[in-house]
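Engineer: Here it is, the structure in full.
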Amino acid sequence: MAWVDLKDKRVAVIGTGASGVQIVQEVGPVASELKVFQRTPNLAVPMGKRNLTPEEQNGDKNWYYRLYELREKCFGGFFYGMYERNTFDDTPEERESFYRKLWDHGGFRFWLGNYKDVSNG
């Protein structure tokens, strides 16, 4: 199947599951107009993953048993939870600093470690 040339075309995407997000990222820069129809927005951010050093891997193995115990008690199965403040409890500068820390940490923290009102909806 050949790729359809969408350069300078008007494009509509229905749904923003994994494929919809990928299509929007590719088509957006070339289409003359892009409309996205979605029921529920998805969060799509780079994971910011990195390779662990052998020392980090071996150090982490020492507490795997504790992680397995905690995963059932933590939101989303991760060892961190939502920040205990709402978004607009902080000033714009405080929010920017907080978002930067989440982003720089990488992984799911930007979603699961964010302000407690971010994922309400």
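Where a number appears in this text, it was derived from the coordinates with a stated rule and is not lab data. Predicted model, so just to flag it, every value in this text is computed and none were measured. Cβ sites come from the backbone with ideal geometry, for glycine too, and all protein chains shown count toward neighbours.
Engineer: For the stretch 69-115, which residues satisfy the criterion of being surrounded by 11 or more Cβ atoms within 10 Å (Cβ to Cβ), of a type in the set (D, E, K, R) and under 15 Å from the mean Cα position of the chain (by Cα)?
Structural biologist: Within the stretch 69-115, 101, 109 qualify.
Engineer: If you don't mind, another one. Whether any residue in the stretch 9-20 is closer than 23 Å to residue 106 by Cα, more than 20 Å from the chain's Cα centre (by Cα) and among the polar types (S, T, N, Q) is what I want to check.
Structural biologist: no
Engineer: From 34, 70, grab the single residue that is within 30 Å of residue 4 (Cα to Cα) and among the hydrophobic types (A, V, I, L, M, F, W, C).
Structural biologist: Criteria check complete, one pass: 34.
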